[in-house]
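Comments concern the structure below.
The values are calculated or read from the model by the stated rules, or taken from the named source; none is laboratory data. All values reported here derive from a predicted model rather than from experimental measurement. Counting neighbours? That spans all protein chains shown, and the Cβs are built from the backbone with ideal geometry, glycine included.
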Amino acid sequence: MTLDNIKTLEPSQLREEMQALKSKGFDYLSNLIGMDWGEEEGLGVVYCVENTQTHEQAWLKTATADREQPVIPTVSDLWDIANIYEREAYDFYGIIFAGHPDMRRIFLREDWVGYPMRKDDKPAEQNPLRMTNEPLADDTTEYTLQPDGSLITKKNIIFGPDDYVVNIGPQHPSTHGVLHFRVALDGEIIRKIDPVLGYIHRGVEKLNESYTYPQTLALTDRLDYLGAMQSRHALCMCIEKAMGIEVSDRVQVVRTILDELQRIDSHILFFSCLCQDMGATTAFLYGFRDREKILDIFEETCGGRLIINYNTIGGLMADIHPNFQKRVKEFIPYMRKNIKEYHALFTGNVIFQNRSKGIGPLTKEQVISFGCTGGTGRAAGWANDVRKNHPYAAYDRVDFHQVLRESGDSFDRYMIRLDEILESLNIIEQLIDNIPEGNYKEKTKPIIKVPEGTYYQAVETSRGEFGVFLESKGDKSPYRLHYRSTGLPLVAAMDTACRGFKIADLVTIGGTMDYIVPDIDR
Amino acid sequence: MEVKKRAKIKSFPYEEFKDNETYEKLVQELNKNGANVIVTQLDNLIDWGRSNSLWPLTFATSCCGIEFMAVCAARYDIARFGFEVTRNSPRQADVILVSGTITTKMAPVLKRLYDQMADPKYVVAVGGCAISGGPFTKSYHVLKGVDKIIPVDVYVPGCPPRPESFLYGMMQLQRKVKVEQFFGTTNRKEKEPKE
């Protein structure tokens, strides 16, 4: 959608306005995006808050012209997730959030020079490859703004001298990639978790600013590789809507079917990895047996197995394979049968039940405040499905049920995903026989230039709301292209979910949160 | 009498490997001085064992790791080649499959993992990112190929490589292991000079 009414605020008005919005029911901060608007407007932040009852969105922005010491008041006391988002904006743009309790870098090394996302920064020249081990500080800085404009710094302690800190990761099989947790322990009990991110920070958002629009598409697949189809769908849809391209019904339906297949693929992988992490190797093999069937369908139609590169601006790369419908129709009953097998193999297992029921619960208030969308949010009873709340593609014409559960513990997070496989199968079943005729691709100009403006498009990927925020100045490459990571809020909530549980539960809780690290670090 | 070693992979004829030229060069280099008949026979036995039980380190940073999991699963079944014993500790691993992008923040960690592995050790660079930085090569935070920091034995191109290419790459590594002289060279690698 086009964002033509972003409300501009002075930094001094920001907190008042945000508090007013929060009290009006805008309790979900979906985006907090750092921006560099150049010399005149300066550095700033774009906020998006959403009302979880009415699903109404409010967009605001604020900016400060001071490039030497840009200061913007924090909102981290209003929404928990702002804590992490503001650290990201600090890391990329050097914006200091006054009153934020933990103003550290989040993705880049602590000895990194400069702020890479600023338009005038030259990150590669200032930062040669450092082969020394990364220094990790045990304290952090809080800045407070004085009435005269100066800043007072205060040291906050992350880990004190009495804390027993264990490093889990970056090379650890249960962190699902290169994630690093610093865990403070009291015996076996977790007292605090400090996630260290950025081991797979690939600078995708900065790369986007130098790539043309068709080139940026290639990078979305590699963010959340288990939601490759969906994240690329989001970017394509965002650019299409910005340019006013109407894609045919055929494209909409095929995209929806493939999105759902991707979701099943991801949830099967979730099941397999969780079982593997908890010691059930056989279940891992069963999961992969079924996943290969989906990959066969992908391979036949799209050519790729994991990184699919199928959506493109204006439609699809190629028409669906003649076998596509037959294969999918064979797959639906096959998968329904095998889900029962999964439950028989693993869900009923006493060891699994004891290790997951009541472990790492998150309440509905917590998941909203942390912005944990997707299955993690729905397990706590938050109806956050973008497919229902802001329908896109062909989701408004299919009948499906948004699976919700109550307690928000590890077991619920696990069950949600298995139930969603069945829902996805229902969606596919409704559409697979009714793929309308039409063009598989609309004609586009060889050089794509998006008209000047600001655009946002969200989709429901396998693990939550994935958003594409695009600001264009009318050039052939974007001025700013930001992705709302689905996994970042999940990692932010790990501290809350794990406190008071045993260190062995970290594996279960992390596994059921279902995050993908390259998507977190971008 | 001196004997020159040659590798043979069961059920995969020599002609079907694509880059035998590079391999021949490697064979010449490794067999430069030849070796005693008895030592060679013993060598062959040990290398046969080593090449069929290469234990990989589970080291995956991004997308290629998922394909590695697919290779380990039933359809592609890496156990046919003896690579199924994936180790989580570098101390127990023989080969590190660098699957995925290595960022500059990760580079010291990778180097340390490599240093922790016991000799003889091998490195396979899996996927475009590990070979050259891949689609992210222009990024400020991505290492442009792992061979900048650790020596690489086999490169497996692809983004991500198909499971078949994984297996092909691993067979190439097996050929290399089979042609190495274990006694006198591989088992007595010189320590790296301290900087």
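Is there a residue in the range A:149-168 that is within 14 Å of chain B (Cβ to nearest Cβ), under 27 Å from the mean Cα position of the chain (by Cα), crowded, with 16+ Cβ neighbours inside 10 Å and closer than 30 Å to A:Met278 by Cα? Before you say what the answer is, go through the steps one by one.
First pass over the range A:149-168, keeping only residues within 14 Å of chain B (Cβ to nearest Cβ): A:167-168.
With under 27 Å from the mean Cα position of the chain (by Cα) added as a condition, the list becomes A:167-168.
Next, from what is left, pick out any that are crowded, with 16+ Cβ neighbours inside 10 Å: A:168.
Those left that are additionally closer than 30 Å to A:Met278 by Cα: A:168.
Yes, the range A:149-168 contains a residue that is within 14 Å of chain B (Cβ to nearest Cβ), under 27 Å from the mean Cα position of the chain (by Cα), crowded, with 16+ Cβ neighbours inside 10 Å and closer than 30 Å to A:Met278 by Cα.
Would a scan of the range B:123-138 turn up a residue that is of a type outside the set (Phe, Trp, Tyr), farther than 25 Å from B:Arg162 by Cβ and either buried (at least 21 other Cβ atoms within 10 Å of the Cβ) or facing chain A (nearest Cβ under 7 Å) (or both)?
The initial filter retains those residues of the range B:123-138 that are of a type outside the set (Phe, Trp, Tyr), namely B:123-135, B:137-138.
Applying the additional criterion that residues be farther than 25 Å from B:Arg162 by Cβ yields B:138.
Filter again for either buried (at least 21 other Cβ atoms within 10 Å of the Cβ) or facing chain A (nearest Cβ under 7 Å) (or both), leaving B:138.
Yes, the conditions are met somewhere in the range B:123-138.
Quick grid of which residues meet (1) assigned by TED's automatic domain parsing to the domain that holds A:Pro451; (2) buried (at least 24 other Cβ atoms within 10 Å of the Cβ); (3) touching a Pro at 6+ places or on another chain (Cβ under 9 Å):
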site: A:Val196; (1), (2), (3): no, no, yes
site: A:Arg202; (1), (2), (3): no, yes, yes
site: A:Asp224; (1), (2), (3): yes, yes, yes
site: A:Gly227; (1), (2), (3): yes, yes, no
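If I go through the range A:1-52 residue by residue, how many of them are crowded, with 16+ Cβ neighbours inside 10 Å, under 20 Å from the mean Cα position of the chain (by Cα) and not hydrophobic (A, V, I, L, M, F, W, C)?
8
Condition check ((1) within 20 Å of A:Glu205 (Cβ to Cβ); (2) in contact with a strand residue (DSSP E or B) (Cβ under 9 Å, 6 or more places away or on another chain)) across all residues:
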| position | (1), (2) |
| --- | --- |
| A:Ala458 | yes, yes |
| A:Thr461 | yes, no |
| A:Glu465 | yes, yes |
| A:Ser472 | yes, yes |
| A:Tyr479 | yes, yes |
| A:Cys498 | no, yes |
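Any idea which of A:Leu60, A:Leu78 is under 25 Å from A:Val468 (Cα atoms), among the hydrophobic types (A, V, I, L, M, F, W, C), in contact with a strand residue (DSSP E or B) (Cβ under 9 Å, 6 or more places away or on another chain) and in a strand (DSSP E or B)? Spell out how you get there, then give the answer.
Numbers: A:Leu78 fails: in a strand (DSSP E or B).
The match here is A:Leu60.
Has the range A:491-502 got any residue that is away from chain B (no Cβ under 14 Å) and under 11 Å from the mean Cα position of the chain (by Cα)?
Keep residues of the range A:491-502 that are away from chain B (no Cβ under 14 Å), which gives A:491-502.
This time we only want the ones that are under 11 Å from the mean Cα position of the chain (by Cα), so: A:491.
Looking through the range A:491-502, at least one residue is away from chain B (no Cβ under 14 Å) and under 11 Å from the mean Cα position of the chain (by Cα).
Out of (1) within 21 Å of B:Arg112 (Cα to Cα); (2) more than 14 Å from chain B (Cβ to nearest Cβ); (3) not aromatic (Phe, Trp, Tyr), the odd one out for A:Gly177 is which?
Result: A:Gly177 passes all but (2).
Looking only at residues in the range A:372-393 that are in contact with an Asp or Glu (Cβ under 8 Å, 6 or more places away or on another chain) and either outside the structural domain of A:Glu465 (by TED's automatic domain parsing) or assigned to a loop (DSSP other than H, G, I, E, B) (or both), which one is surrounded by the fewest Cβ atoms within 10 Å (Cβ to Cβ)?
Residue satisfying both the conditions and the ranking: A:Gly381.
Looking at A:Thr512, is it of a type in the set (Ser, Thr, Tyr), surrounded by fewer than 24 Cβ atoms within 10 Å (Cβ to Cβ) and not in a loop (DSSP other than H, G, I, E, B)? Full working, then the answer.
Details: of a type in the set (Ser, Thr, Tyr): yes; surrounded by fewer than 24 Cβ atoms within 10 Å (Cβ to Cβ): no; not in a loop (DSSP other than H, G, I, E, B): yes.
Considered against the rule, which asks whether it is of a type in the set (Ser, Thr, Tyr), surrounded by fewer than 24 Cβ atoms within 10 Å (Cβ to Cβ) and not in a loop (DSSP other than H, G, I, E, B), A:Thr512 comes out as no.
Given the structure, is A:Gly177 within 24 Å of A:Glu465 (Cβ to Cβ), outside the structural domain of A:Ile509 (by TED's automatic domain parsing), touching a residue at least 40 places away in the same chain (Cβ under 8 Å) and out of contact with any Phe, Trp or Tyr (no Cβ under 6 Å at 6 or more places or on another chain)?
On the way: within 24 Å of A:Glu465 (Cβ to Cβ): yes; outside the structural domain of A:Ile509 (by TED's automatic domain parsing): yes; touching a residue at least 40 places away in the same chain (Cβ under 8 Å): yes; out of contact with any Phe, Trp or Tyr (no Cβ under 6 Å at 6 or more places or on another chain): yes.
Criteria met by A:Gly177.
Say we look at the range B:72-116 and pick out the residues that are of a type in the set (Val, Ile, Thr), outside any helix (DSSP H, G or I) and more than 11 Å from chain A (Cβ to nearest Cβ); which of these is farthest from B:Tyr140 (Cα to Cα)? I'd like the intermediate steps shown before the answer.
Narrowing the range B:72-116 to residues of a type in the set (Val, Ile, Thr): B:78, B:85-86, B:95-96, B:98, B:101-104, B:109.
Right, trim to outside any helix (DSSP H, G or I) and you get B:85-86, B:95-96, B:98, B:101-104.
Retained after the next criterion (residues that are more than 11 Å from chain A (Cβ to nearest Cβ)): B:85, B:95, B:98.
Details: B:Val85: 36, B:Val95: 29, B:Val98: 20 Å.
Here the residue is B:Val85.
Go through A:Lys445, A:Lys441 for me and flag whichever is free of Cβ contacts under 8 Å to residues at least 60 places away in the same chain and either among the basic types (Lys, Arg) or in the same structural domain as A:Leu217 (by TED's automatic domain parsing) (or both). Even if it seems obvious, please write down each step before you answer.
On the way: A:Lys441 fails: free of Cβ contacts under 8 Å to residues at least 60 places away in the same chain.
Among A:Lys445, A:Lys441, only A:Lys445 is free of Cβ contacts under 8 Å to residues at least 60 places away in the same chain and either among the basic types (Lys, Arg) or in the same structural domain as A:Leu217 (by TED's automatic domain parsing) (or both).
Which residues, counting only those in the range B:157-176, are within 14 Å of chain A (Cβ to nearest Cβ) and of a type in the set (Phe, Trp, Tyr)?
Scanning the range B:157-176 gives a single hit, B:Phe166.
Assess whether A:Phe288 counts as being of a type in the set (A, V, I, L, M, F, W, C), farther than 22 Å from A:Leu217 by Cα and away from chain B (no Cβ under 14 Å).
No; evaluated as a whole, the condition is false for this residue.
Take the residues in the range A:295-316 that are of a type outside the set (Ser, Thr, Tyr) and touching a Gly at 6+ places or on another chain (Cβ under 8 Å); name whichever of them is farthest from B:Gly128 (Cα to Cα). I'd like the intermediate steps shown before the answer.
Of the residues in the range A:295-316, the ones of a type outside the set (Ser, Thr, Tyr) are A:295-300, A:302-309, A:311, A:313-316.
Next, only the ones that are touching a Gly at 6+ places or on another chain (Cβ under 8 Å) stay: A:298, A:309.
Numbers: A:Phe298: 21, A:Asn309: 16 Å.
Here the residue is A:Phe298.
What residue, of A:Asp433, A:Asp521, is out of contact with any Cys (no Cβ under 6 Å at 6 or more places or on another chain) and crowded, with 17+ Cβ neighbours inside 10 Å? If you could, list the steps in order and put the result at the bottom.
Values: A:Asp433 fails: crowded, with 17+ Cβ neighbours inside 10 Å.
From the options A:Asp433, A:Asp521, the qualifying one is A:Asp521.
Looking only at the range A:9-47, which residues are of a type in the set (Asp, Glu), out of contact with any strand residue (DSSP E or B) (no Cβ under 8 Å at 6 or more places or on another chain) and within 26 Å of A:Pro478 (Cβ to Cβ)?
Scanning the range A:9-47 gives A:Glu39, A:Glu40.
Scanning the range B:47-71 for residues that are in contact with a helix residue (DSSP H, G or I) (Cβ under 9 Å, 6 or more places away or on another chain) and more than 15 Å from B:Val126 (Cα to Cα), which turns out nearest to the other protein chains (Cβ to nearest Cβ)? Steps first, please.
Of the residues in the range B:47-71, the ones in contact with a helix residue (DSSP H, G or I) (Cβ under 9 Å, 6 or more places away or on another chain) are B:47-48, B:50-52, B:54-64, B:66-71.
Subsequent filtering for residues that are more than 15 Å from B:Val126 (Cα to Cα) retains B:47-48, B:50-52, B:54-55.
Details: B:Asp47: 29, B:Trp48: 28, B:Arg50: 24, B:Ser51: 25, B:Asn52: 22, B:Leu54: 18, B:Trp55: 14 Å.
Result: B:Trp55.
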